[in-house]
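S.K.: The structure follows.
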Amino acid sequence: MDTLNGDTPTMRLFALLELIAAKDQLVTLQDLVDETGMPKPTLHRMLQQLEGAGLLVRQSDGRHYGTGARLRRLAENLLLNATHHGARHAVLRDLVEEIGESCNVTALSGNEVVYLDRVETPEPLRFYLRPGSRVPAHCSASGKMILSQMSPAQRRKLLAHAPLKQYTPKTVTELGPLEEEFVRVRRDGYAVDDEEFLPGLVCVAVLVPTPSGRSNQCVAVQAPVMRLTADKALHLLPALQRAADAVARVEREGGQE
């Protein structure tokens, strides 16, 4: 049984929010009662407060709760503006210097990928995407990489609520073929966007490792297809994986400050 520790009502609310945010599935009031041992009326009142603040959202069935848009924005802002941003940016600069193409650190937010950091190639022909930019998860290398860690049911819940948009002739919009791709990505440890989001743009991504084994961040490289084909991108995997390990160290050290 996991009681909610906190010296004040506010801190107990925060502890409840932490408990829910740490789960990879929606929760019900009864789930939380069973897990914490707290009285149902008390937990119900706390959930109502968090829902009213936009930090949690109740699903259409009225029973299940998940994280709200306000909480997701908070998490994105923390990742975008973390005090260790400079060290993370330095890792990307070194990676761009090594491989010569634009590189990003990305994270999944809902059904989109957010660019947390980016360093552009010095090459005159390049695609400009600034930190804070968003791209669809189903046709981006980082999105496919992060989604590959989820269960098929979780992926369906995330992707099936609206028709998947076709951005290029290569965009995969059917859940069946996408599911096969997620299985390959999980097996191989990298994902490729072969002109699936923007014509002429190729991207490859790897996960930033975490102690828990499940990650919400990637390191990725992007380049025009005339300089980087899907086959050539595989030769960059060792450099990307070294950079991902370096970003993981930065994240760990930043969390200890």
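S.K.: Within region 130-160, restricting attention to residues that are open to solvent by 10 Å² or more (accessible area, probe 1.4 Å) and within 15 Å of Arg72 (Cβ to Cβ), which residue is modelled with the lowest pLDDT?
M.R.: Gly132
S.K.: Here's something else I'd like to know. Any residue at all in region 174-190 that's in contact with a strand residue (DSSP E or B) (Cβ under 6 Å, 6 or more places away or on another chain) and over 24 Å from Arg73 (Cβ atoms)?
M.R.: Scanning region 174-190, I find at least one residue that is in contact with a strand residue (DSSP E or B) (Cβ under 6 Å, 6 or more places away or on another chain) and over 24 Å from Arg73 (Cβ atoms), so the answer is yes.
S.K.: Within region 204-224, can one find any residue that is without any contact (Cβ under 8 Å) to a residue 60 or more places away in the chain and in contact with a strand residue (DSSP E or B) (Cβ under 6 Å, 6 or more places away or on another chain)?
M.R.: Here is the first cut: in region 204-224, the ones without any contact (Cβ under 8 Å) to a residue 60 or more places away in the chain are 209-213.
After this cut, where a residue has to be in contact with a strand residue (DSSP E or B) (Cβ under 6 Å, 6 or more places away or on another chain) as well, the list is none.
Looking for residues that are without any contact (Cβ under 8 Å) to a residue 60 or more places away in the chain and in contact with a strand residue (DSSP E or B) (Cβ under 6 Å, 6 or more places away or on another chain), one finds none in region 204-224, hence no.
S.K.: Answer yes or no as to whether Phe127 is surrounded by 13 or more Cβ atoms within 10 Å (Cβ to Cβ), aromatic (Phe, Trp, Tyr) and out of contact with any strand residue (DSSP E or B) (no Cβ under 8 Å at 6 or more places or on another chain). Outline the logic, then answer.
M.R.: Working: surrounded by 13 or more Cβ atoms within 10 Å (Cβ to Cβ): yes; aromatic (Phe, Trp, Tyr): yes; out of contact with any strand residue (DSSP E or B) (no Cβ under 8 Å at 6 or more places or on another chain): no.
Against the criterion (surrounded by 13 or more Cβ atoms within 10 Å (Cβ to Cβ), aromatic (Phe, Trp, Tyr) and out of contact with any strand residue (DSSP E or B) (no Cβ under 8 Å at 6 or more places or on another chain)), Phe127 does not qualify.
S.K.: Could I ask something else about it? Please go through region 229-257 and pick out each residue that is in contact with a strand residue (DSSP E or B) (Cβ under 6 Å, 6 or more places away or on another chain) and at pLDDT below 90.
M.R.: Those that are in contact with a strand residue (DSSP E or B) (Cβ under 6 Å, 6 or more places away or on another chain) and at pLDDT below 90: Ala230, Ala233.
S.K.: The conditions are (1) assigned to a loop (DSSP other than H, G, I, E, B); (2) modelled with pLDDT of 85 or more, and Asn104 fails exactly one of them. Which is it?
M.R.: Asn104 satisfies every listed condition except (1).
S.K.: Next up: Do you know which of the residues in region 214-249 that are within 17 Å of the chain's Cα centre (by Cα) and of a type in the set (Val, Ile, Thr) is farthest from Val119 (Cα to Cα)?
M.R.: So, considering only residues that are within 17 Å of the chain's Cα centre (by Cα) and of a type in the set (Val, Ile, Thr), the one farthest from Val119 (Cα to Cα) is Val247.
Every residue, every condition in (1) part of a helix (DSSP H, G or I); (2) closer than 20 Å to Asn216 by Cβ, yes or no:
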| site | (1), (2) |
| --- | --- |
| Val135 | no, yes |
| Lys157 | yes, yes |
| Thr173 | no, no |
| Glu181 | yes, yes |
| Arg184 | yes, no |
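S.K.: Moving on to the next point. With respect to Asp231, is the statement that it is surrounded by fewer than 23 Cβ atoms within 10 Å (Cβ to Cβ), free of Cβ contacts under 8 Å to residues at least 12 places away in the same chain, under 22 Å from Glu123 (Cα atoms) and not aromatic (Phe, Trp, Tyr) true?
M.R.: Here the answer is yes, as Asp231 does meet what is asked.
The values are calculated or read from the model by the stated rules, or taken from the named source; none is laboratory data. This structure is a prediction, so every number in the text was calculated from the model and none was measured. Positions of Cβ are backbone-derived with ideal geometry, glycine not excepted, and every protein chain shown enters the neighbour counts. When the accessible area is computed, the model is the full protein with side chains, heavy atoms only, and any ligands, DNA or RNA have been set aside. Shrake-Rupley method; radii C 1.70, N 1.55, O 1.52, S 1.80 Å.
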